[in-house]
Amino acid sequence: MTKDIVWHEELVNRQDRNRRNKHKSGVVWFTGCPASGKSTIAHHMAKEFFDRGVNCYVLDGDNVRHGINSDLGFSREDRRQNLRRIAEISKLFVDAGMVVLAAFVSPFCEDRDSVRQVVGNENFFEVYVKCSIETCEKRDPKGQYKKARAGLIKEYTGVSAPYEVPPNPEITLDTEELDVESSVRKVLEFLDEKKFILLM
């Protein structure tokens with residue numbers, strides 16, 4: 001960024017939008033191995049939020065790689081850049097008064113912490129979608145574990161790339177024990193407790 005770029009102040013700010021929406025804005029970040037259930041839970045939550053009148057949007061790891069991140073692969077640097085872009089997009093959504101439901105493998109603690117710093121600690125809730133690699137691989141809805149085992153997909157988390165478990169997530173969802181409905185309910189109960197989605 002050069003010194004010639006100047007931030008233009010808004011006439012309507014995030015607090016104004018939150019008041020009109022009657023709910024807070026922020027990021028619920030679902031992290032976990034592929035096939036752990038992140039996207040499924042996020043999309044079911046989006047439906048629940050919609051029914052409650054909460055403005056939200058799902059940012060899904062696979063979906064964004066069809067568009068804004070279609071130029072990125074799965075190397076360490078590309079993964080970092082992938083999440084850097086998503087962090088900035090999420091920050092804009094939060095400023096727009098929306099709840100972002102972000103479903104990304106995001107395997108490295110360092111990258112997840114960077115996202116938290118960009119959007120703000122008070123606006124970020126990390127949800128660890130816990131599921132063993134064995135169970136994820138049995139599910140394998142997209143057939144990617146099979147391809148990774150055959151060497152057709154490189155740098156695949158859980159097979160040829162690591163996953164770092166969050167040390168202190170706000171919520172842990174064990175999807176070997178919890179079904180989708182129970183997982184959504186657990187997240188909603190947490191956000192209600194934090195007075196995050198109640199009418200303001």
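The values are calculated or read from the model by the stated rules, or taken from the named source; none is laboratory data. This one's a predicted model, so the numbers in the text were calculated from it and none came from an experiment. A quick note on method: Cβ atoms are made from the backbone with ideal geometry, for glycine too, and the neighbour counts reach across all protein chains shown. These accessible areas exclude ligands, DNA and RNA; they are computed on the full protein's heavy atoms, side chains included. Shrake-Rupley method; radii C 1.70, N 1.55, O 1.52, S 1.80 Å.
The residue of the range 182-200 that is farthest from residue 52 (Cα to Cα), among those that are in contact (Cβ under 8 Å) with a residue 24 or more places away in the chain and within 18 Å of the chain's Cα centre (by Cα), is 183. Each residue in the range 90-107 was checked for being of a type in the set (A, V, I, L, M) and within 20 Å of residue 51 (Cβ to Cβ), and 5 pass.
Within the range 113-152, can you find the residues that are of a type outside the set (Val, Ile, Thr), open to solvent by 40 Å² or more (accessible area, probe 1.4 Å) and in contact with a helix residue (DSSP H, G or I) (Cβ under 6 Å, 6 or more places away or on another chain)? Once the filter is applied, which keeps residues that are of a type outside the set (Val, Ile, Thr), open to solvent by 40 Å² or more (accessible area, probe 1.4 Å) and in contact with a helix residue (DSSP H, G or I) (Cβ under 6 Å, 6 or more places away or on another chain), the range 113-152 yields only 137. Annotation: residue 47 fulfils all but one of (1) touching an Asp or Glu at 6+ places or on another chain (Cβ under 6 Å); (2) under 30 Å from residue 165 (Cβ atoms); the unmet one is (1). The single residue among 93, 104, 74 that is among the hydrophobic types (A, V, I, L, M, F, W, C), over 18 Å from residue 118 (Cα atoms) and either in contact (Cβ under 8 Å) with a residue 40 or more places away in the chain or open to solvent by 50 Å² or more (accessible area, probe 1.4 Å) (or both) turns out to be 74. Taken over the range 77-90, the residue count meeting the criterion of being without any contact (Cβ under 8 Å) to a residue 60 or more places away in the chain and either in contact with a strand residue (DSSP E or B) (Cβ under 6 Å, 6 or more places away or on another chain) or of a type in the set (A, V, I, L, M) (or both) is 4. Evaluating residue 5 against the criteria (1) open to solvent by less than 100 Å² (accessible area, probe 1.4 Å); (2) over 30 Å from residue 154 (Cβ atoms) leaves one unmet condition, (1).
The criterion of at least 1 residues that are more than 13 Å from residue 101 (Cα to Cα) and at pLDDT 90 or above is met, among helices (runs of 4 or more DSSP H) falling completely within the range 1-65, by 14-21, 38-52. Counting residues in the range 16-23 that are at negative phi, within 17 Å of the chain's Cα centre (by Cα) and surrounded by 15 or more Cβ atoms within 10 Å (Cβ to Cβ) gives zero. Contact map, the range 122-149: residues that are under 14 Å from residue 172 (Cβ atoms) paired with residues that are open to solvent by less than 30 Å² (accessible area, probe 1.4 Å) and of a type in the set (Phe, Trp, Tyr), Cβ distance under 7 Å, separation 6+ or inter-chain. Pairs shown: 125/29; 126/29; 127/29; 127/30; 129/30.
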